[in-house]
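Below is one structure, written out as structure tokens; comments come after it.
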Amino acid sequence: MSQFNPMDYPLTLRVEDLQKILRLSKASTYELTKQKGFPSLRVGRRILIPRDAFFKWYGIDIVNEGDRSYKNDG
């Protein structure tokens with residue numbers, strides 16, 4: 001099983017990306033994007049989700065994770 005890496009996703013996620021990450025149905029994913037506090041943007045008919053904001057909402061702070069992985073101890 002491969003390791004999950006949030007940095008492998010584009011800066012802007014689509015609803016289809018969320019479906020794969022969360023393993024939700026299309027209808028449930030669209031309902032999630034309508035919830036207050038969920039980080040999503042509507043551009044015309046498209047719903048876009050900023051990657052870093054989504055993973056922070058999900059409980060994974062990739063900014064700090066990235067800092068640790070690039071930290072120079074020497």
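The values are calculated or read from the model by the stated rules, or taken from the named source; none is laboratory data. Note that the structure is predicted; figures quoted are calculated from it, not measured. Using ideal geometry, Cβ is built from the backbone for each residue, glycine included, and neighbour counts are taken over all protein chains shown. Only protein heavy atoms, including side chains, enter the accessible area calculation; ligands, DNA and RNA are left aside. Shrake-Rupley method; radii C 1.70, N 1.55, O 1.52, S 1.80 Å.
Tell me the label-point distance for the pair ASP17, ARG42, using the 7 Å Cα-to-Cβ offset, in nm and rounded to one decimal.
The modelled label-to-label distance comes out at 2.1 nm.
Stretch SER28-TYR58 to full length: gain in nm at 0.36 nm per residue minus the Cα-Cα span?
The span from SER28 to TYR58 would gain 9.2 nm if fully extended.
With θ set to phi - 60° and the Karplus curve 6.51 cos²θ - 1.76 cosθ + 1.60, what are the ³J(HN,Hα) couplings of the range 18-31 in order, to the nearest whole Hz, using x for Gly and Pro?
4, 4, 5, 5, 8, 6, 10, 6, 4, 4, 5, 5, 4, 4
Between THR12 and residues 5 or more places away or on another chain, which pairs have amide H atoms under 5 Å apart, with H built 1.01 Å from N, and which residues are they?
The list, which skips near neighbours in sequence, is ARG51.
Among LEU32, LEU24, what's the order by accessible area (1.4 angstrom probe), most exposed first?
If we order LEU32, LEU24 from most to least accessible, we get LEU24, LEU32.
How would ILE60, ILE21 rank on accessible area, largest to smallest, probe 1.4 Å?
So the residues, ranked largest to smallest area, are ILE60, ILE21.
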